Amino acid sequence: MIENPWKGLVSYEEADTDKYQFCGRTEAIGKFYSLLTNNLISTLYGRTGCGKTSMLRAGLFPLLRQESFFPVECRASLRKKGESFADYMIKQIEEEIDKLGFWYIKSNIPVDHVGDEDKYKLWKYFYGKVFRDLDGKIVFPVIVMDQFEEILINAKDDSLKLLE
């Protein structure tokens, strides 16, 4: 452990546990975990700099990984110009799968009747896939849209597409 166990304004990461002490959010992490696992969509919001990203990365993500989930952090403001939100999210998921060594089985259920528009891409990507970790245990992806307000503020037209 380093001399000062707190990072200050820099976000904590999952891998920081051997260097920095992330503490004081146990109740909030537990409540958000419960909310997240019981709802399709959950929102965590608060003032800038209050520690939302740290709570997610250093608190919630390790808990999710223990419980057969795999969190995928997406910062839509980092997507390339002209790249759809769906393509960006799929790329982030695939990168996380490669990094962790996860794999998936895609069923042979046809989805040809579903349109190719952006609003169907994520649905088609997930439809019929079973994600597994290195031990073959089924894991469930959790898409985390961090810094979502950047989209609402800086790309208002795009945010309507994303919400659709």
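The values are calculated or read from the model by the stated rules, or taken from the named source; none is laboratory data. From a predicted model like this one, the values you see are computed outputs, not experimental measurements. Neighbour counts are summed over all protein chains in view; Cβ atoms, including those assigned to glycine, are modelled from backbone coordinates with ideal geometry. For the accessible areas, the whole protein counts, side chains as well, though only heavy atoms, and no ligand, DNA or RNA atoms are used. Shrake-Rupley method; radii C 1.70, N 1.55, O 1.52, S 1.80 Å.
Overview of values
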{"quantity": "Pairs where the first residue, in region 53-66, is more than 15 Å from residue 141 (Cβ to Cβ) and the second is surrounded by 21 or more Cβ atoms within 10 Å (Cβ to Cβ) and among the aromatic types (Phe, Trp, Tyr), C-beta under 7 Å, 6+ apart", "calculated": "54/12; 54/22; 57/12; 58/12; 58/22; 59/22"}
{"quantity": "Counted residues, region 41-94 - those being open to solvent by 30 Å² or more (accessible area, probe 1.4 Å), in contact with a Pro (Cβ under 8 Å, 6 or more places away or on another chain) and assigned to a helix (DSSP H, G or I)", "calculated": "1"}
{"quantity": "Lone unmet requirement of (1) open to solvent by less than 80 Å² (accessible area, probe 1.4 Å); (2) modelled with pLDDT under 85 for residue 126", "calculated": "(2)"}
{"quantity": "Subset of region 102-123 (residues that are in contact with a Lys or Arg (Cβ under 6 Å, 6 or more places away or on another chain), at pLDDT below 80 and open to solvent by 60 Å² or more (accessible area, probe 1.4 Å))", "calculated": "106"}
{"quantity": "Some residue of region 10-28 being at pLDDT 80 or above, out of contact with any helix residue (DSSP H, G or I) (no Cβ under 9 Å at 6 or more places or on another chain) and exposed (fewer than 15 other Cβ atoms within 10 Å of the Cβ)", "calculated": "yes"}
